[in-house]
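The values are calculated or read from the model by the stated rules, or taken from the named source; none is laboratory data. Since the structure is predicted, the reported quantities are computational estimates derived from the model, not experimental observations. Neighbour counts run over all protein chains shown; Cβ positions are idealised from the backbone, glycine included. The protein model used for the area step is the full one, side chains on, heavy atoms only, and it has no ligands, DNA or RNA in it. Shrake-Rupley method; radii C 1.70, N 1.55, O 1.52, S 1.80 Å.
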Amino acid sequence: MANWGLNIVKQYQRLVVFTFGTYTGTRGPGIRWIWPFVNNGSTTTDLREVPVAIPRQTSITRDNAPIDIDFFVYMRVIEDRPQDTILNVSDFGAAAQSLAMTTLRAVVGEMDLDDVLSKRERINSQLQVKLDEVTVNWGVKVTRVEIKEVEPPRDVQEAMNRQLSAERTRRAAVTEAEGERDAQINRAEGDRQAAVLRAEGAKQALILEAEGDREAAILRAEGFSVGMDRINQVAMQADPRTMSLQYFDTLKDIGAGPSTKFIFPMEFTSMLEPFLRQGQANNGADTS
């Protein structure tokens with residue numbers, strides 16, 4: 001209730017004024033004058049959001065399972081309709097609490113237990129819509145609904161715990177199997193890469209060995225060719241008499257054997273010509 005005389009209306013408040021018991025307007029923030037007796041019954045309304053705690057309620061699901069739920073309803077007075085909060089409802093907080101209890105039972109009664117446990121957002125939105133349909137007549141807007149706790153029956157809790165335990169065991173087994181599979185894949189991949197590397201190494205070794213043999217053969221052939229060229233060059237530069245003396249040494253060695261027959265090649269006479277010419281030259285010199 002507003003005081004007689006001067007009243008300071010704050011930014012988040014509105015002053016609902018009555019004149020001789022009749023609503024005559026709403027005053028905004030600032031300094032407002034209330035006449036004694038004339039404006040009797042004038043009151044201020046708070047526009048801030050108000051949380052209303054709904055105590056734990058036992059509701060029955062569609063599949064006849066009892067379940068306990070407690071939640072909060074957040075609401076605020078609509079800024080341009082604070083007079084409806086005064087004129088249409090005596091205590092909108094208590095009215096909203098009672099309305100939320102009955103609305104919760106209606107919403108939960110249309111759902112199965114599994115849905116109630118897993119679809120909290122759906123319950124929140126349905127409660128907000130159903131409450132807001134009524135509170136709008138009071139000049140109140142339901143901004144949101146938040147379920148605080150959902151407690152299923154004890155036997156359901158035990159079954160859920162067993163299910164969670166089994167699910168954790170299953171996930172652990174799956175994780176272990178996946179880890180073993182990945183390990184086997186990694187080992188197989190490692191073995192494959194090692195085999196590829198070994199084969200590649202053996203191939204490179206064979207290639208290097210073949211290249212070495214080829215280069216060695218080339219070098220030997222080149223050496224033999226160079227040797228033959230050298231021998232040919234030396235032979236072409238040798239004195240015919242030196243070659244004849246070598247021939248005579250060879251014949252001497254042949255003559256030292258037990259053979260009684262000697263075969264002289266026809267080139268023998270041509271090889272003796274240098275010696276014969278040398279002898280004739282020496283005889284001519286003695287005669288002179």
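Computed from backbone phi, the HN-Hα couplings of the stretch 206-218 come to 5, 4, 5, 5, 5, 5, x, 4, 4, 5, 5, 4, 4 Hz, rounded to whole numbers (Karplus: 6.51 cos²θ - 1.76 cosθ + 1.60, θ = phi - 60°; Gly and Pro given as x).
Tell me, in nm to one decimal, what length is gained between ASN64 and ALA221 on full extension, where the rule is 0.36 nm per residue of separation less the Cα-Cα distance? All intermediate terms of the calculation are to be shown ahead of the outcome.
Numbers: separation 157, 0.36 × 157 = 56.52 nm, distance 10.40 nm.
Here the answer is 46.1 nm.
Among the protein heavy atoms, those of PHE37 account for about 150 Å² of accessible surface (1.4 Å probe, every chain in place).
Taking Lys and Arg as +1 and Asp and Glu as -1, the other residues whose beta-carbon sits under 15 Å from that of THR61 total -3.
Which residues in the stretch 56-83 have a backbone N closer than 12 Å to a point placed 7 Å from the Cα of ARG122 along the Cα-to-Cβ line? In the stretch 56-83, the label zone of ARG122 (backbone N under 12 Å from the point 7 Å along Cα→Cβ) covers 62. When you filter the trypsin sites (Lys or Arg not before Pro) in the stretch 1-60 for DSSP loop state and at most 10 other Cβ atoms inside 10 Å of their Cβ, you are left with ARG48. Of the GluC sites (Glu not before Pro) found in the stretch 105-192, those in coil by DSSP whose Cβ has at most 16 other Cβ atoms within 10 Å are GLU110.
Counting only heavy atoms of the protein chains and using a 1.4 Å probe, THR24 has close to 70 Å² of accessible surface. Of the solvent-accessible surface of the stretch 141-200, computed with a 1.4 Å probe and all protein chains present, 51% belongs to carbon and sulfur.
In Å², and per residue, what accessible area does the stretch 79-178 have when probed at 1.4 Å with the other protein chains present? It would help to have the intermediate numbers written out before the result.
Values: 6000 Å² over 100 residues.
Solvent-accessible surface per residue comes out at 60 Å².
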